[in-house]
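Written below as structure tokens is the structure these notes are about.
The values are calculated or read from the model by the stated rules, or taken from the named source; none is laboratory data. Keep in mind that what you see is a predicted model, and the values were worked out from it rather than measured. All Cβ positions, even for glycine, are placed from backbone atoms using ideal geometry, and neighbour counts span all protein chains on display.
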């Protein structure tokens with residue numbers, strides 16, 4: 001953290017402006033992430049917002065896979081029903097973990113964006 005602060009203090013005013021523009025463009029909000037979590041959590045809306053596409057597709061796939069199970073559960077044999085019980089449990093556990101860790105996930109995403117922009121600025125500085 002101190003290293004980032006030292007690097008940022010060494011940047012010129014123009015470089016700081018570029019850094020601010022780059023980070024604000026891809027900045028993610030904890031409030032919006034929670035809103036998406038509560039509205040579209042089971043389909044992975046908050047994961048897509050944080051650009052965690054693989055997890056978003058996983059949440060969406062599980063939800064799409066679970067819905068027909070509830071309608072056709074009488075036709076499913078016992079060995080398959082265990083799988084269909086585990087999937088909602090997995091999704092519920094993952095959503096519970098997300099509820100607790102969303103601030104960390106957003107902070108991690110925003111730091112990654114800032115570090116990527118800083119490295120681009122520093123590489124441009126080295127080449128000129």
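A few remarks follow.
- Of the residues examined, residue 51 is one that is in contact (Cβ under 8 Å) with a residue 12 or more places away in the chain, within 23 Å of residue 103 (Cα to Cα) and part of a loop (DSSP other than H, G, I, E, B).
Conditions (1) part of a helix (DSSP H, G or I); (2) surrounded by 12 or more Cβ atoms within 10 Å (Cβ to Cβ); (3) touching a helix residue (DSSP H, G or I) at 6+ places or on another chain (Cβ under 6 Å); (4) modelled with pLDDT under 90, marked per residue:
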site	(1), (2), (3), (4)
17	yes, no, no, yes
33	yes, yes, yes, no
38	yes, no, no, no
58	yes, yes, no, no
66	yes, yes, yes, yes
109	yes, yes, no, no
120	yes, yes, no, yes
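- Residue in the stretch 1-15 that is modelled with the lowest pLDDT, counting only those that are loosely packed, with under 12 Cβ neighbours inside 10 Å and in a helix (DSSP H, G or I): 2
- When residue 53 is tested against (1) under 21 Å from residue 116 (Cα atoms); (2) exposed (fewer than 12 other Cβ atoms within 10 Å of the Cβ); (3) under 24 Å from the mean Cα position of the chain (by Cα); (4) modelled with pLDDT under 90, just one condition goes unmet, and that condition is (4).
- Remark: residue 88 falls outside the filter, which requires a residue to be part of a helix (DSSP H, G or I), modelled with pLDDT of 95 or more and out of contact with any strand residue (DSSP E or B) (no Cβ under 9 Å at 6 or more places or on another chain).
- Of all residues in the stretch 19-31 being part of a helix (DSSP H, G or I) and touching a helix residue (DSSP H, G or I) at 6+ places or on another chain (Cβ under 8 Å), the one that is nearest to residue 90 (Cα to Cα): 30
- Residue match in the stretch 97-107 (condition: modelled with pLDDT under 90 and farther than 30 Å from residue 11 by Cβ): no
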